[in-house]
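In what follows, a single structure is set out as C-alpha cells and then discussed.
The values are calculated or read from the model by the stated rules, or taken from the named source; none is laboratory data. Here the structure is a predicted model, which means the values were calculated and not measured. Glycine gets a Cβ as well: all are built from the backbone with ideal geometry, and neighbour counts include every protein chain shown.
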Amino acid sequence: MVVVQTTSWPHKYFRRDEVECKCGCGQVPKTEFLVKLDKLRETYGKPIKITSGYRCVSYNAVIKGSPNSRHIEGIAVDIACTSAEGFTLAQIALKMGFGGIGVAKTFLHLDTRPQTEGRLWTY
C-alpha cells in the first residue's frame, strides 16, 4: 500500500502563488511570517495584494534587490496600495509588532525583523 502525503496550504487569506518566489523555485516566506500576515489581513478587513513575497538570492539579484533584503530571509512582503491605505496598514502593522515598515505612494513593505532593530521609513 502506498501512502500519498498531501500538505494543504494553511493560510486563510493568501495563496501560495501570491507569496512564493517569482523565479519558479517554489520557496515561500516562513510560516510564522505568513501567520502574522494573515492576522494583519483579518484585522484590516479588506483584500491585500502582494506584489513581492519570498525572493531567493538569484531572483533578488536579477531584480537588483538589496543583498540584505528581508525577502531573502522569508520575512518580508511588498503590498500594492495607495499611500493612504499604506499608512492605515502601517498603523495596524506597528501594533502587531512588524519590525520593518516602509511606506511608498504605490506600495507598503512589511517585515518582521526584530523589533529591537525596528525601522519605519518612507520611499
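Which helices (runs of 4 or more DSSP H) sit wholly inside the stretch 1-91 and have at least 2 residues that are closer than 20 Å to E117 by Cα and not aliphatic (A, V, I, L, M)?
Ranges flagged: 31-44, 70-73.
Filter the stretch 76-89 down to residues that are at pLDDT below 95 and touching a strand residue (DSSP E or B) at 6+ places or on another chain (Cβ under 7 Å) and give me whichever is nearest to P29 (Cα to Cα).
Step by step, filter the stretch 76-89, then rank; the result is G86.
Go through (1) touching a residue at least 40 places away in the same chain (Cβ under 8 Å); (2) aromatic (F, W, Y); (3) surrounded by fewer than 19 Cβ atoms within 10 Å (Cβ to Cβ) one by one and return the number of the condition F87 breaks.
Condition (1) is where F87 drops out.
Of the residues V35, V77, only one is surrounded by fewer than 19 Cβ atoms within 10 Å (Cβ to Cβ), in contact with a His (Cβ under 9 Å, 6 or more places away or on another chain), within 17 Å of R15 (Cβ to Cβ) and not polar (S, T, N, Q); which?
V35
Of the residues that make up the stretch 102-114, is at least one part of a helix (DSSP H, G or I) and out of contact with any helix residue (DSSP H, G or I) (no Cβ under 6 Å at 6 or more places or on another chain)?
No: the stretch 102-114 contains no residue that is part of a helix (DSSP H, G or I) and out of contact with any helix residue (DSSP H, G or I) (no Cβ under 6 Å at 6 or more places or on another chain).
Of the conditions (1) outside any loop (DSSP other than H, G, I, E, B); (2) within 15 Å of the chain's Cα centre (by Cα), L120 fails just one. Which one is it?
Answer for L120: the failing condition is (2).
So which of G99, G53 is surrounded by 15 or more Cβ atoms within 10 Å (Cβ to Cβ), under 11 Å from the mean Cα position of the chain (by Cα) and of a type in the set (G, A, S)?
Only one candidate passes the filter, namely G53.
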